[in-house]
């Protein structure tokens with residue numbers, strides 16, 4: 001009988017990985033980041049176990065979108081947020097969101113690819129997104145990923 005491998009606490013080593021979003025497609029970038037956060041690139045990957053890395057995304061304002069509705073996607077893709085009060089729904093288009101808060105676009109795309117449970121809420125906290133090229137995590141010595 002084969003036993004399932006379960007990584008020990010000492011074997012869980014989280015590294016810092018830096019990803020440059022300049023010129024990359026939003027969906028492909030989000031899948032790459034979600035895979036790094038979950039730890040799927042490690043040989044010790046086990047579903048339901050938190051062994052992923054910290055991910056820093058730079059140049060979030062320079063991400064691109066493609067697809068069948070490329071010319072209209074920037075105006076037809078709408079992000080919604082509700083305040084919890086009656087009539088409190090707010091909406092913003094992808095174009096406006098990229099101009100005002102581009103980090104929310106990437107965070108929303110990555111969150112859609114993570115498990116929606118306690119573990120997913122814990123994992124999303126390891127994602128650090130910055131609109132520009134500067135970040136305050138230089139002390140962690142992050143590795144570069146294309």
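The values are calculated or read from the model by the stated rules, or taken from the named source; none is laboratory data. Fair warning: this is a prediction, and the values are worked out from it, not measured in the lab. Every residue, glycine as well, gets a Cβ built from its backbone with ideal geometry; the counts of neighbours run over all protein chains shown.
In the list 52, 23, which residue meets the criterion of being within 20 Å of residue 145 (Cα to Cα), within 13 Å of the chain's Cα centre (by Cα) and at pLDDT below 95?
Selected residue: 52, the only one of 52, 23 that is within 20 Å of residue 145 (Cα to Cα), within 13 Å of the chain's Cα centre (by Cα) and at pLDDT below 95.
Which of the residues that make up the stretch 38-63 are in a helix (DSSP H, G or I) and out of contact with any strand residue (DSSP E or B) (no Cβ under 6 Å at 6 or more places or on another chain)?
38, 61, 62
If a residue has to be assigned to a loop (DSSP other than H, G, I, E, B) and either within 15 Å of residue 28 (Cα to Cα) or touching a residue at least 12 places away in the same chain (Cβ under 8 Å) (or both) to count, how many in the stretch 69-81 make the cut?
Total satisfying the criteria: 1.
Going by what's in this entry, would residue 41 be described as surrounded by 12 or more Cβ atoms within 10 Å (Cβ to Cβ), under 20 Å from residue 120 (Cα atoms) and without any contact (Cβ under 8 Å) to a residue 24 or more places away in the chain?
yes
On the given criteria, is residue 46 surrounded by fewer than 16 Cβ atoms within 10 Å (Cβ to Cβ), under 30 Å from residue 141 (Cβ atoms) and modelled with pLDDT of 95 or more?
In short, no.
Could you identify the single residue in 48, 84 that is on the phi > 0 side of the Ramachandran plot and without any contact (Cβ under 8 Å) to a residue 40 or more places away in the chain?
84
Checking the structure you have, find out if any residue of the stretch 16-37 is touching a helix residue (DSSP H, G or I) at 6+ places or on another chain (Cβ under 8 Å), farther than 23 Å from residue 132 by Cα and surrounded by fewer than 17 Cβ atoms within 10 Å (Cβ to Cβ).
No; the residues of the stretch 16-37 include none that is touching a helix residue (DSSP H, G or I) at 6+ places or on another chain (Cβ under 8 Å), farther than 23 Å from residue 132 by Cα and surrounded by fewer than 17 Cβ atoms within 10 Å (Cβ to Cβ).
Quick check on this structure: which one of 105, 110 is closer than 15 Å to residue 35 by Cα and in contact (Cβ under 8 Å) with a residue 40 or more places away in the chain?
110
Based on what the data block shows, is residue 83 more than 21 Å from residue 16 (Cα to Cα), surrounded by 11 or more Cβ atoms within 10 Å (Cβ to Cβ) and either at pLDDT 95 or above or touching a helix residue (DSSP H, G or I) at 6+ places or on another chain (Cβ under 7 Å) (or both)?
No; evaluated as a whole, the condition is false for this residue.
Which residue, of 92, 17, is at pLDDT 90 or above, outside any loop (DSSP other than H, G, I, E, B) and under 18 Å from residue 114 (Cβ atoms)?
Unique residue meeting the criteria: 17.
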